[in-house]
Amino acid sequence: MMELEKEIREKAERYRDWTAKNLSELIRIPSLSGEEGRVIRKIRGMLKEAGIDEVRIDGLGNLIAKVGEGEKKLVIDAHIDTVDTGDREQWDFDPFGGEIRDGFVYGRGAVDQKGGAASMITSGRILKELGYDGDFTIYFTFTIMEEDCDGLCWNYLIQEEGLNPDFVIITEPTNLGVYRGHRGRMEIEIHFAGVSAHGSAPSRGKNAIYSGARATLLIQELNKRLKEDDFLGKGTIAATSFESESPSLCSIPDKCKIHLDRRLTWGETKESAINEIREIVGDDGRIVIPTYDRESYKGKIFKQEKYFPSWKIPEEHILIQAGIRTYERLFERSPVVGKWTFSTNGVAICGKHKIPTVGFGPGNEVYAHSANEVVPVDHLEKAQAFYTLLPYMLSKGGD
Ligand SMILES: [Zn+2]
């Protein structure tokens, strides 16, 4: 075993500049959600260069590569879409420059999460060179549309492509910690119907704004009462939009719509969250969970309700233990075991489909979605060593 770790560490170091160069090239190809075609084709080329020839693109547009022939399935996942740059004035460098300087790679997606993707490609290369023939078929998935609708790509892989892994590693940024969950979320709309009348005679109508406003203030109170979980933290709710319609500005509004951002902690579900709202609005408001129905870059529409369940895996679980041991064997100290603040594809993989999932990725999540996104090359090197050793450790039952 010690020999194997040494070999993996050496190879991870040998290829660190190749990983950094690949990441730089991926950053130079903008890939907003729904526009990932070019970057997917680029990754396919890199996988080829890595010696991985079992590569295919599914009906939605996810890229799936395969190494090994084992009976069990381990998937290592990176979403390769990014959010937009925001105000360019706030960037100290070109977000699509992909500059490599002083041991860092700079640009949009460096952390969230083309860095994880680049490390995966190199890990595939190393596994190929090692002639991996262990218990697992290792799938590398490069998935799309996560920033727009987390987990959609994975619902597609599981429900439409029949990919049913035993374990999944999510390579979103964890600052090289071993992560085992995060809160879920959902979007909720409440629609209120009023009765329009002339603004000069409000008593003839029913003002939908007042119904909406009353409910909004009660929702503010609801936020204080929501559940708390020791590991995942507190559930929250926030009104994020308030719209009304009326025949004119001199008329009583007959429609009002509130949009809510609900973060779900452990034990909170779609049903429980809807019931709380129902108690507040009674028969006065209609509750709707919006549907995501954007086209993928391949022109495929795969509809999904905007409900993203929370997930967590116990620290004693074999996958988390294997992650901890992998880290210890490679880096000779204990990892931070934690959780993400934000949401990932884990909402579908583990939240919905209950597949054991662990997070490990290069870069600090504070840079995700912010200006001046940057990842240390050292993290890329360590992540690719981790992805390579983990299947071996998992075979040994995490010991
Ligand atoms: Zn992300």
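The values are calculated or read from the model by the stated rules, or taken from the named source; none is laboratory data. Just so we're clear, the structure is a prediction, and the values are computed from it rather than from any experiment. We place every Cβ from the backbone using ideal geometry, glycine too, and count neighbours over all the protein chains shown.
Among the residues of the range 240-260, those identified as under 39 Å from the mean Cα position of the chain (by Cα) and in a strand (DSSP E or B) are Thr240, Ser241, Phe242, Glu243, Ser244, Glu245, Lys255, Cys256, Lys257, Ile258, His259, Leu260.
One line per residue, one yes/no per condition, for (1) farther than 19 Å from Val377 by Cβ; (2) touching a strand residue (DSSP E or B) at 6+ places or on another chain (Cβ under 8 Å):
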| site | (1), (2) |
| --- | --- |
| Thr19 | no, no |
| Ser24 | no, yes |
| Ile29 | yes, no |
| Gly34 | yes, yes |
| Arg38 | yes, no |
| Gly59 | yes, no |
| Asp77 | yes, yes |
| Glu89 | yes, no |
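Residues in the range 80-89: is at least one part of a helix (DSSP H, G or I), in the same structural domain as Pro173 (by TED's automatic domain parsing) and either surrounded by 16 or more Cβ atoms within 10 Å (Cβ to Cβ) or more than 16 Å from the ligand (Cβ to nearest atom) (or both)?
Within the range 80-89, the subset part of a helix (DSSP H, G or I) is 88-89.
Checking which are in the same structural domain as Pro173 (by TED's automatic domain parsing) leaves us with 88-89.
Next, from what is left, pick out any that are either surrounded by 16 or more Cβ atoms within 10 Å (Cβ to Cβ) or more than 16 Å from the ligand (Cβ to nearest atom) (or both): 88-89.
The answer is yes; a qualifying residue exists.
For the range 1-45, the set of residues classified as in a helix (DSSP H, G or I), hydrophobic (A, V, I, L, M, F, W, C) and buried (at least 19 other Cβ atoms within 10 Å of the Cβ) consists of Ile8, Ala12, Ala20, Leu23, Leu26, Ile27, Val39, Ile40, Ile43, listed by residue number.
When the residues of the range 134-168 are filtered to those that are β-branched (Val, Ile, Thr) and more than 15 Å from the chain's Cα centre (by Cα), which remaining residue is nearest to Lys352 (Cα to Cα)?
Within the range 134-168, the first condition is being β-branched (Val, Ile, Thr), and the residues that meet it are 137-138, 141, 143-144, 158, 168.
Checking the rest, the ones that are also more than 15 Å from the chain's Cα centre (by Cα) come to 137-138, 158.
Details: Thr137: 23, Ile138: 22, Ile158: 11 Å.
Per the stated criteria, the residue is Ile158.
Residue count for the range 175-217 satisfying the condition of being in a loop (DSSP other than H, G, I, E, B) and of a type in the set (Lys, Arg): 2. For beta carbons closer than 6 Å, sequence separation of 6+ or different chains, a first residue in the range 96-123 that is more than 17 Å from Tyr367 (Cα to Cα) and a second that is assigned to a strand (DSSP E or B), the qualifying pairs are Met120/Ile76; Met120/Ala78; Met120/Phe140.
Each residue in the range 282-296 was checked for being in contact with a Ser or Thr (Cβ under 8 Å, 6 or more places away or on another chain) and either modelled with pLDDT of 95 or more or closer than 12 Å to Leu222 by Cα (or both), and 2 pass. Is there a residue in the range 218-233 that is on the phi < 0 side of the Ramachandran plot, outside the structural domain of Leu63 (by TED's automatic domain parsing), in a strand (DSSP E or B) and under 29 Å from the mean Cα position of the chain (by Cα)? Yes, that holds for at least one residue.
Yes or no: the range 182-195 includes at least one residue that is in contact with a Pro (Cβ under 7 Å, 6 or more places away or on another chain), farther than 24 Å from Asp53 by Cβ and within 16 Å of the ligand (Cβ to nearest atom). Yes, the range 182-195 contains at least one residue that is in contact with a Pro (Cβ under 7 Å, 6 or more places away or on another chain), farther than 24 Å from Asp53 by Cβ and within 16 Å of the ligand (Cβ to nearest atom).
Across the range 307-331, the number of residues qualifying as in contact with a Lys or Arg (Cβ under 7 Å, 6 or more places away or on another chain) and assigned to a strand (DSSP E or B) comes to 3. Considering every residue within the range 308-321, establish whether at least one is closer than 27 Å to Pro173 by Cα and within 16 Å of the ligand (Cβ to nearest atom). For the range 308-321, residues closer than 27 Å to Pro173 by Cα and within 16 Å of the ligand (Cβ to nearest atom): present.
Could you identify the single residue in Ser248, Ser241 that is touching a strand residue (DSSP E or B) at 6+ places or on another chain (Cβ under 6 Å), of a type outside the set (D, E, K, R) and within 27 Å of Ala197 (Cα to Cα)?
Ser241
May I ask you to say which residue of Ser370, Ser334, Ser343 is buried (at least 18 other Cβ atoms within 10 Å of the Cβ), on the phi < 0 side of the Ramachandran plot and in a loop (DSSP other than H, G, I, E, B)? After applying the criteria, what remains is Ser343. For Leu157, the test of being in contact (Cβ under 8 Å) with a residue 24 or more places away in the chain, away from the ligand (no atom under 16 Å from the Cβ) and surrounded by 24 or more Cβ atoms within 10 Å (Cβ to Cβ) is passed.
Scanning the range 261-306 for residues that are in a loop (DSSP other than H, G, I, E, B) and touching a residue at least 24 places away in the same chain (Cβ under 8 Å) yields a total of 15. Could you say whether any residue in the range 191-202 is under 24 Å from Tyr292 (Cβ atoms) and either in contact (Cβ under 8 Å) with a residue 24 or more places away in the chain or surrounded by fewer than 24 Cβ atoms within 10 Å (Cβ to Cβ) (or both)? Yes; the residues of the range 191-202 include at least one that is under 24 Å from Tyr292 (Cβ atoms) and either in contact (Cβ under 8 Å) with a residue 24 or more places away in the chain or surrounded by fewer than 24 Cβ atoms within 10 Å (Cβ to Cβ) (or both). For the range 169-190, filtered to residues that are aliphatic (A, V, I, L, M) and more than 13 Å from the chain's Cα centre (by Cα), the residue that is surrounded by the fewest Cβ atoms within 10 Å (Cβ to Cβ) is Leu176. Taking the range 341-399 as the range and being modelled with pLDDT under 95 and among the acidic types (Asp, Glu) as the test, the residues that pass are Glu365, Asp399.
Give the residue that is farthest from the ligand (Cβ to nearest atom), with candidates limited to residues of the range 336-363 that are basic (Lys, Arg) and out of contact with any helix residue (DSSP H, G or I) (no Cβ under 8 Å at 6 or more places or on another chain). So that I can check it myself, show each step before the final result.
Step one: of the range 336-363, the residues basic (Lys, Arg) are 339, 352, 354.
Subset that is out of contact with any helix residue (DSSP H, G or I) (no Cβ under 8 Å at 6 or more places or on another chain): 339, 354.
Numbers: Lys339: 15, Lys354: 22 Å.
Once the filter is applied, the top-ranked residue is Lys354.
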